Structure formats: C-alpha cells, structure tokens
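The values are calculated or read from the model by the stated rules, or taken from the named source; none is laboratory data. Nothing here was measured: the structure is a model prediction, and the numbers come from that model. Quick reminder, even Gly has a Cβ in these numbers, built from the backbone with ideal geometry, and neighbours come from all protein chains shown.
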Amino acid sequence: MRKILTLALFALAITTTVSAWGADNSLGTWKANVAKCKYTPAPWPVKSLTVTREAAPGGVKVTNVGTRTDGSALNATYTAKFDGSSSAVTGQGSPYDSYSIKQGDANTFTYEAKNSKTKYRASGRIVISGDGKTMTTTASGVDADGKPMTLHLVFDKQ
C-alpha cells in the first residue's frame, strides 16, 4: 500500500511539473499602453498596437495590428516555436521580418527580431506580471539605420 501511494504521489508530481512548464500566460489579447511605452530614440513610432497571442504547436502564433504615427497600418503575423528557431514574419508595418523566441517559464520569454533587408536587430525579454494583467517587453539593439535603440513596452490584458 505504501509503495502504491508513493508511486501515485510521484506520478502526480511529474504531471504537475510538465503541465506548469507547458503553460503560457502570454496567450490572449494585449493592448499597448502607449503612455507607459518608452523608445529610444524617442518618440516611439507607433500610435496604437494590439497584440493577439494564440497557442500553436510547440510555440505561439502572434498577430500585431495597429497604426504607426505616420498613419500607415501595422498588420503583421508570425508563428514561432519556443525552440529559438527563426520564423518568418508576414504582413506590413513590422520593423522585422524574422522572429525567434524561447520560453523560460509560463511568464518569461526571450526573443530576437531581425530584418534581412535593413540593419534592424533587437533582442529582449517578455515578462507577464504575476497577476496576469500586464505584459512588459524590453529590448535593445539597432534600428533600421543601424543606430542604437532600446524599447520598454507595456501592454494591458484585454
């Protein structure tokens, strides 16, 4: 009896660990809180941005929709695996055309974004708050002209 109970508790522990590791608290729709977003060199060239993150096999499907400050549309999407492999970005208005991501845990991700036609390169981190209501993206790199840039974006869960 003791052996059966021990095995049952062991199986429960493994199942719980696997389920927790596979969780992704970034899923859902997020709206940029433009007043809290910081971009250097200022200003951030985005007027509005909504990010929808959906589960995909081994990763995430992301759709970015918004408007740039010059009035042009931002409508880009990609599906990336959490293994860090590069995925193509399709659509318009995105400064990058490839994206890779790795999942640290249910609330933390690291990523790299690049553009094969310009000098744009960024690497950063995505963190979901403990209460699940805020997503913060931080990154540094170079813009399309090769000039240093940093960003700190704050998104509210919708």
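A few points about this structure:
- The listed residue being surrounded by fewer than 15 Cβ atoms within 10 Å (Cβ to Cβ), in contact with a Phe, Trp or Tyr (Cβ under 8 Å, 6 or more places away or on another chain) and modelled with pLDDT of 95 or more, out of Lys38, Lys61: Lys38
- Segment 41-53 - residue that is surrounded by 14 or more Cβ atoms within 10 Å (Cβ to Cβ) and among the polar types (S, T, N, Q) and, of those, farthest from the chain's Cα centre (by Cα): Thr50
- Those strands (runs of 3 or more DSSP E) lying entirely in segment 65-139 with at least 3 residues surrounded by 14 or more Cβ atoms within 10 Å (Cβ to Cβ) and either at positive phi or not β-branched (Val, Ile, Thr) (or both): 73-81, 98-105, 108-114, 121-128
- Selection from segment 140-158 of residues that are assigned to a strand (DSSP E or B), of a type outside the set (Val, Ile, Thr) and surrounded by 13 or more Cβ atoms within 10 Å (Cβ to Cβ): Ser140, Gly141, Met149, Leu151, His152, Leu153, Phe155, Asp156, Lys157
- Here Ala73 qualifies as at pLDDT 95 or above, over 21 Å from Asp24 (Cβ atoms) and not basic (Lys, Arg).
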